[in-house]
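Structure, as structure tokens:
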């Protein structure tokens, strides 16, 4: 079910004080202005300067001016968001942005603000949610990807809120026009080299024309995927208690292949922040299945590290470990 901007803000009930990730774009501008009006003196803005284009300085100046107008404290950070070799520029910028937001939330004058920045609101909206789901589909993602973006999630001691996920981009801009508020349009949003931009410019309008309710129906699909993933996570937690961490080879072999993949993925993400590719996970499964005697070794690249058999257990290292005989 879709919401208007006003309906979404009326339903938003975060812990206060609250931080808002503020880029200067339409979505974060509307979110910051509405939060500042509703909770005066309880809202803080966080701005990340990516340094990827000349206009970034103008973005920062605009954010400073608007925060002064709204009487909202502003923290800024400058990051190097350039991609590493073989890395997507969009993914590199996103990771740098979230790292900076976490640092801003926990640093600076955090002592004076106490727990003020334990909650951060993000301006992602219904169109962003559809784009995220389509990106996940294009990459052959599993349930975590198809779940798209959660409305509320806790990571690294911070509660992240996305109160506008059921609000269209058009409704947000309509609200800004009513308030007489200006925002910045990022020139890179029109760059067709980025997949998300092509989805926004070409795919979404065609989908909306063919399926007018696509935002609502896609959001329901994402919610179904998120519910299914929560069940898989619960099962993985139970299985990891049974097989141990690091997991025992014999106990892993007793699980069905899908269940073994589920617990391995959960262990790698939970304990090592490692997300294996489908190919890597399949190869690891094959090696586990081939361990029919005590001397059989396992040593395989998984994520950015190495999974290796040591005795009766499977371990993961973020740098190549020394080769050890399997006992």
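Read the figures in this text as sums done on the coordinates, not as results from a lab. Quick caveat: nothing in here was measured; it's all calculated off a predicted structure. Counting neighbours? That spans all protein chains shown, and the Cβs are built from the backbone with ideal geometry, glycine included.
Compute the acute angle (0 to 90°) between the alpha-carbon long axis of helix 257-272 and the principal axis of greatest extent of the alpha-carbon atoms of the chain; round to the nearest 10°.
Once rounded, one gets 60 degrees.
Quick one: if you stick a label point 7 Å off each Cα along the C-beta vector at residue 256 and residue 310, how many nm between them?
Here the modelled spin labels are 3.3 nm apart.
With contacts defined as alpha carbon pairs under 8 Å and 6 or more residues apart, what's the relative contact order of the chain in percent? Mind showing how you got there, number by number?
On the way: 456 pairs, mean separation 48.8, N = 327.
With pairs under 8 Å counted, the relative contact order is 15 percent.
Using only the alpha-carbon atoms, how far is helix 26-38 inclined from the longest principal axis of the chain? Give it as 0 to 90 degrees, nearest 10.
70
May I ask you to compute the full-extension gain from residue 317 to residue 4, defined as 0.36 nm times their residue separation minus their alpha-carbon distance, rounded to one decimal in nm? Present the calculation step by step, with values, prior to reporting the outcome.
Details: separation 313, 0.36 × 313 = 112.68 nm, distance 4.79 nm.
Stretched out fully, the residue 317 to residue 4 stretch lengthens by 107.9 nm.
Return the calculated 222 nm mean residue ellipticity for the chain, to the nearest 500 deg cm²/dmol, obtained by summing -39500 (n - 2.57) across DSSP H runs with n ≥ 4 and dividing by the residue count.
Numbers: 14 runs with 159 residues, N = 327.
The helix contribution divided over the chain gives -15000 deg cm²/dmol.
Could you give the length gained by full extension between residue 71 and residue 230, i.e. 0.36 nm per residue of separation minus their alpha carbon distance, to one decimal place? Intermediate values should be presented prior to the final figure.
Working: separation 159, 0.36 × 159 = 57.24 nm, distance 4.02 nm.
Answer, rounded to one decimal: 53.2 nm.
Using only Cα atoms and rounding to the nearest 10 degrees, what angle (0 to 90) does helix 56-70 make with the longest principal axis of the chain?
Rounded to the nearest ten degrees, it is 60.
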